[in-house]
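The values are calculated or read from the model by the stated rules, or taken from the named source; none is laboratory data. Since the model is a prediction, treat every value here as computed from it, not as a measurement. A quick note on method: Cβ atoms are made from the backbone with ideal geometry, for glycine too, and the neighbour counts reach across all protein chains shown. To get the accessible areas, we keep the full protein, side chains included, count just its heavy atoms, and leave off ligands, DNA and RNA. Shrake-Rupley method; radii C 1.70, N 1.55, O 1.52, S 1.80 Å.
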Amino acid sequence: MSLEKMLATYEFEQWLYEEAKFLDDIDFDGWFNMLHPAISYQMPVRVNKEGIERPDYSLDMFAFDDDIELLKIRVDRLKTDYAWAEIPPSRTRRSVNNVRLIEYVPNEKAVVHSYLTIYRSRSTDIHHDLISGERQDEFTFVDGEWKLSKRVFIVDQTTLNTRNLAIFV
Amino acid sequence: MIKTNINLEEMSQKEAIEYLIESVRPEEGSIPASLLGDPKIYDIEHKKVFLKTWLFIGHESEIPNKNDFITRDVAGYSVILTRGADGEIRGLYNMCTHRGMKLCRADAGNKSSFTCPYHGFNFKNNGDCVGVPLQKDIYGEGFDKSGLGLHKVRIETYKGLIFGTWNDEAESLEDFLGDFKWYLDILVGRAEMEVVGPPQRFIIQSNWKIGADNFVGDSYHTMVTHGSIVKLGMVPSATYSKKGYQIHTSHGHGLNLGTPNPDFAFPEELKDEYKSNLTEEQFDVLSNLKNMIGNIFPNLSFLISHTKVKGQLISNTSVRLWRPVGVDKMEVITWFLVEKNASLDWKKRSRESFILTFSPSGIFEQDDTEVFTDITAAATGTMPLVKQLTFNYTMGLHRQPVGDFVGPGVVFDDKFTEANQRNFYRYWLDLMTT
């Protein structure tokens, strides 16, 4: 690996850590600033296929299929006094690892894949939810900063074992 | 006299049923909390409700071609739902008749036969056993495979909705749905409908009846639980959910029609198709529809929702199964349906509004799940039973149904009543005590 790619990998790792911190701290405005206005944010439904037939996720049904406007609706909703699903907010801990730089054009675009594990604890419930999967991200360089312009989250369950996705992946 | 020291666990099934007859009083608007949390009741429910009635399995558009199949659950048992080479839809118990191994582990696919992973017995998708490895050598010349066909689940369909039952004595699906078909025509018979993609699945720590109760008759909660949607301007006002009709028919089925609607909630260009599939009265209801929320007994809920997304009005149609996996746990399975002949733009926006509002990430759905979970927790265990905690279902008991509505059933002229829940629990009780 070239030094340039090592540095870029480090840079995106730090970017993903910062994003995780914003989301875990429920700082939606901070998170929003990291997104590109033309973002596509998708979480396809995972399916059980016979054998190793791929892809083993749906190309036409999603748990999230958002652009920036829809993401803003979700965030605005969470800020109202009626968003019961997150009152009080879940305690989440996002661990990002196995970060791989797939494509890299300095100061222009990058494709980064990473693994994500979300620990979620609600209220006084002693049980926790675990949501795990792979993020396939694309970044665009705008005004000296990398912005997330595409995310596909490939979740590891075909039946999600969490009561809702009032949180972001 | 109600017993004061109740312990269902130690009761025989007969005694438990007697307790239900004494304590469940839908006509008086009194429903014990323990119906949502007692394991004994859950066990009886499995035998008396889920093994007796018709249960939703899927939609015909999910298996459009010969040899297409999907695997689904019918009352806790895996079923391969397949369209044979003859075009007929069959439900096969997903169990090898030789030693009981599960034949197929994929959610969907296209296959004309299924081979058991244990000993390699092979079954055609009409259920016939067509291959036994080394048959002549190990079973002898006279071996007859014809008795080894896969077990079948009884299948019937209505307007593309596929139902199954393990009860060979059950009345026909047509009779089971009865007058409710008039409304299902509007839901799924108004045009050629197709399911888009696989269903979404997620787990809620909730008794399944809370979901059915919520959809069959609870428009009242919309004002508060879904208050955030009003704040966002996606629906007109907090009291919009009161306007319209609440309707129920026999067999515990019920729905809520939100009307009127100044806008046509469906693709304008399909009006001719709607008119050709519906009666004039049904088309009139469709034209004024703001939303439609209901439940086919026991656990198939449905929804047409018309909201404003990104400044544009759009409707979406979905059905959802509250599949019990335990007394305090259910798998929610949701299917999104759309008019096959709608424009690509409509299909895209309709799916978008479905995902935004009524999927696991749906901003309506997610607030409901919080409520369902907490109700279940509160109803669980011995205390609600011993203390005989009951829920109040008396809303609208003083009201008389209207006589001049165009559709069948018992109709109330606004949605804030609990007549549908009383009707749901009446039929539930009838089945439980039969």
> How large is the dipole of chain B about the Cα centre if only Lys and Arg carry +1 and Asp and Glu carry -1, each at its Cβ, rounded to the nearest 20 debye?
Replying inline: 920
> For B:I229, what accessible area in Å² do you get when you roll a 1.4 Å probe over the heavy atoms of the protein chains, rounding to the nearest 10?
Replying inline: 0
>> I want to verify a result. In a Gaussian network model of chain B, Cα cutoff 10 Å, which of these has the top mean-square fluctuation: B:S301, B:S361, B:S241?
In response: B:S361
> Sorted by average packing, counted as other Cβ atoms within 10 angstrom per residue and highest first, what order do B:10-20, A:159-169 take?
Replying inline: A:159-169, B:10-20
> Taking only the alpha carbons of region A:71-132, what extent do you get along each of the three principal axes, in Å, biggest first?
Replying inline: 44, 28, 12
> Restricting attention to the alpha-carbon atoms of region B:362-426, what are Rg (one decimal) and Dmax (integer), both in Å?
Replying inline: 16.2, 47
> Averaged over A:86-93, how many beta carbons belonging to a partner chain fall within 10 Å of each residue's beta carbon?
Replying inline: 1
> With springs only between Cα atoms under 10 Å, which of B:D137, B:D73, B:D218 fluctuates most in a Gaussian network model of chain B?
Replying inline: B:D137
> Give or take rounding to whole Å, what are the principal axis extents of the alpha carbon atoms in region B:141-202, in descending order?
Replying inline: 57, 31, 25
>> Please compute the volume of the convex hull spanned by the alpha-carbon atoms of the protein assembly as shown and report it per residue in Å³.
In response: 179
> Counting Lys and Arg as +1 and Asp and Glu as -1, each charge on the Cβ, what is the dipole of region B:231-314 about the Cα centre in debye, to the nearest 20?
Replying inline: 580
>> What are the ³J(HN,Hα) couplings of region B:281-286, residue after residue, when phi is run through the Karplus curve with 6.51, -1.76, 1.60 and θ = phi - 60°? Round to Hz, x for glycine and proline.
In response: 5, 5, 5, 4, 5, 4
>> Quick check of the Kirkwood formula: for region B:173-311, what is the inverse mean of 1/r over all pairs of different Cα atoms, in Å?
In response: 16.3
> What list of whole percents do you get for P(r) of region A:4-134, with Cα-Cα distances grouped in 10 Å bins up to the one holding the largest distance?
Replying inline: 10, 31, 40, 17, 2
>> For a protection proxy built on the mean count of beta-carbon atoms within 10 angstrom, sort B:291-300, B:139-148, B:396-405, A:19-28 highest first, please.
In response: B:291-300, A:19-28, B:396-405, B:139-148
>> As a test of the formula, what do you get for chain A when each DSSP H run with n ≥ 4 contributes -39,500 (n - 2.57) and the sum is divided by the residue count, at 222 nm and rounded to the nearest 500 deg cm²/dmol?
In response: -7000 deg cm²/dmol
>> Can you give the log10 of the normalised intensity I(q)/I(0) at q = 0.09, 0.10, 0.11, 0.21 Å⁻¹, computed with Debye over equal Cα scatterers of region B:49-196?
In response: -0.32, -0.39, -0.46, -1.30
>> For the interface of chains A and B, what total accessible area is buried with a 1.4 Å probe, rounded to the nearest 100 Å²?
In response: 3300
> Using alpha-carbon pairs under 8 Å, 6+ residues apart, how would you state the relative contact order of region B:1-144 in percent?
Replying inline: 12
> So how exposed is B:K243, as accessible area in Å² (1.4 Å probe, rounded to 10)?
Replying inline: 120
> Using Cα pairs under 8 angstrom and six or more residues apart, how large is the relative contact order of region B:329-434, in percent?
Replying inline: 13
>> Longer than 20 Å from Cα to Cα, which of B:K124/B:K145; B:K40/B:K329; B:K14/B:K152; B:K243/B:K271; B:K271/B:K340; B:K159/B:K271 are they? Say none if no pair is.
In response: B:K14/B:K152; B:K243/B:K271
>> Restricting to Cα pairs below 8 Å that are 6+ residues apart, what does the relative contact order work out to for chain B? Please round to a whole percent.
In response: 22
>> Could you identify which residue out of B:V309, B:V130, B:V79 has the top mean-square fluctuation in a GNM of chain B using Cα springs shorter than 10 Å?
In response: B:V130
> Peptide A:41-49: average number of partner chain Cβ atoms within 10 Å per residue?
Replying inline: 4
> On average, how many beta carbons from a partner chain sit within 10 Å of the beta carbon of a residue in A:62-70?
Replying inline: 5
> So which cysteines in chain B don't have a second cysteine's C-beta under 4.7 Å from them?
Replying inline: B:C104, B:C129
>> Treating chain B as a set of equal point scatterers at the Cα positions, no solvent, please give the Debye-formula log₁₀ I(q)/I(0) at q = 0.09, 0.13, 0.14 Å⁻¹.
In response: -0.60, -1.18, -1.33
>> Taking the solvent-accessible surface of protein heavy atoms with a 1.4 Å probe, what is the per residue accessible area of chain B in Å²?
In response: 39
